[in-house]
Each structure stands twice: as C-alpha cells, then as structure tokens.
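Any read-out appearing in this document is the output of simple, stated calculations on the displayed coordinates, not a laboratory observation. None of these values were measured; they are calculated from a predicted model.
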Amino acid sequence: MDLEATMGKQYAVRIKTTQEKEIPGDIYVNLPEESSRVKDYFNQPARFFPLFQPASIIYVNWNFILTVEE
C-alpha cells in the first residue's frame, strides 16, 4: 500500500507562488464537512505543505503561496 493512500483523499491542485511560478501536484487530506474546499486545507497553521508530483515531493512554504486552484 502506498503511503499517500493512507494520508487522505487525493486532490489535484495548482499553486501559484509569489514569484509567479505555478506548481502542479497532488495533496492528500481528509477535509471536514464544514470546510470541504481544498483551499481551506492551506489555512491551517503549518509552515510547509507537501505537494506530491510523480517523481518527487515539493514542500511549499505558506509564506510563498499566492493562490491555490483546485
């Protein structure tokens, strides 16, 4: 079993950074019903968010996230 499969439901996102770079990838999270938007995941008090890509994991610092598209 893949580790990602145990972490939550898979969502494809595209993060735009303050440097105008767009980073596509997947996040794995179990969202509560009252906050069912994937964007709400990025409002939690974490310094880095893991973004899974086919060959790597990118850790994005929340200070550099400009927008998140689902």
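Out of the DSSP beta bridges found with both residues in segment 4-69, what percent are antiparallel (nearest 5)?
Taking every DSSP beta bridge with both residues in segment 4-69, the antiparallel ones total about 100 percent.
Step through the residues of segment 18-30 one at a time and calculate ³J(HN,Hα) from phi using the Karplus curve (6.51 cos²θ - 1.76 cosθ + 1.60, θ = phi - 60°), rounding each to whole Hz and writing x for Gly and Pro.
With coefficients 6.51, -1.76 and 1.60, one gets 5, 8, 6, 8, 10, 10, x, x, 10, 10, 10, 7, 9 Hz.
Under the classification rounded if a/c is under 1.5, otherwise prolate if a/b is larger than b/c and oblate if not, where does the chain fall, given a ≥ b ≥ c as square roots of the Cα gyration tensor eigenvalues?
oblate
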